[in-house]
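First comes the structure, then the notes that go with it.
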Amino acid sequence: MSDVYLDATTVISLGTIGELERLASLDGRLVVPSAVREEVTTEPAKTNLERFLDHYDVRSAPEEVGERVPHARSVLGDDTERGDVHIVAAVLAYTASDRAVGVVSDDRRVRTTCRGLGATVTGTIGIVVRAVDEGLDPDAAKDLVSRLDAHGLHLTGELRETADELIDEAARDDDAS
């Protein structure tokens, strides 16, 4: 079982609409680095994250990740130790020892970097599509996407269409099985 690192972008998006439990269906152990936790300051995302952490087995990053922070800062060209740096540090640590690692983020730079370093990457829309794979009604999933869009995810028209297509495809695949 691999570890799946959650970035603040997805935690804030899902936490704002009270849907963090969607993350619990991921295959792997969930990890929220302390730097990511510190970035979640807006309500209701902050309170919903605290509740999520109380109810689910979510871990903090292991010590070896902290050792990779300077390298991650260099990779990203960042001067500070924000959550993004800790996510990349985790990918560097895991892939250096040939261990699988997942990342859930909507930040394009983080996604591209982590994917390039060997992580499996998804985002908030991927989480919604996975929920359809696991039985969420497609109309409910599209409503979830609308709620995300209305509360800060700000989807482009193209991404909204892609999300709807992915949801419909997941529903068809689910019906076929």
Any chance VAL75 is over 15 Å from the mean Cα position of the chain (by Cα), without any contact (Cβ under 8 Å) to a residue 60 or more places away in the chain and under 19 Å from ARG115 (Cα atoms): yes
Pair list, Cβ < 9 Å and 6+ apart or interchain, from region 153-170 residues that are among the polar types (S, T, N, Q) to residues that are in a helix (DSSP H, G or I): THR162/ILE125
Single match in ALA45, ALA89, ALA100, ALA61 (criterion: touching a Pro at 6+ places or on another chain (Cβ under 6 Å), within 25 Å of LEU20 (Cβ to Cβ) and in contact (Cβ under 8 Å) with a residue 12 or more places away in the chain): ALA61
Residue check for PRO44: closer than 18 Å to THR122 by Cβ and in the same structural domain as GLY83 (by TED's automatic domain parsing): no
Hits in region 23-52 - residues which are buried (at least 18 other Cβ atoms within 10 Å of the Cβ) and in contact with a Leu (Cβ under 9 Å, 6 or more places away or on another chain): LEU23, LEU30, VAL31, VAL32, PRO33, VAL36, ARG37, VAL40, ALA45, ASN48, LEU49, PHE52
Given (1) touching a helix residue (DSSP H, G or I) at 6+ places or on another chain (Cβ under 7 Å); (2) closer than 30 Å to ILE167 by Cβ; (3) hydroxyl-bearing (Ser, Thr, Tyr), number of the condition SER60 does not satisfy: (2)
First in region 5-30 and of a type in the set (D, E, K, R), second anywhere and crowded, with 17+ Cβ neighbours inside 10 Å and outside any helix (DSSP H, G or I), Cβ under 7 Å, 6 or more apart: ASP7/VAL103; ASP7/VAL104; ASP7/SER105; ASP7/ASP107; ARG29/ASP3; ARG29/VAL4
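The values are calculated or read from the model by the stated rules, or taken from the named source; none is laboratory data. Note that the structure is a prediction, hence the values are computed from the model and not measured. A quick note on method: Cβ atoms are made from the backbone with ideal geometry, for glycine too, and the neighbour counts reach across all protein chains shown.
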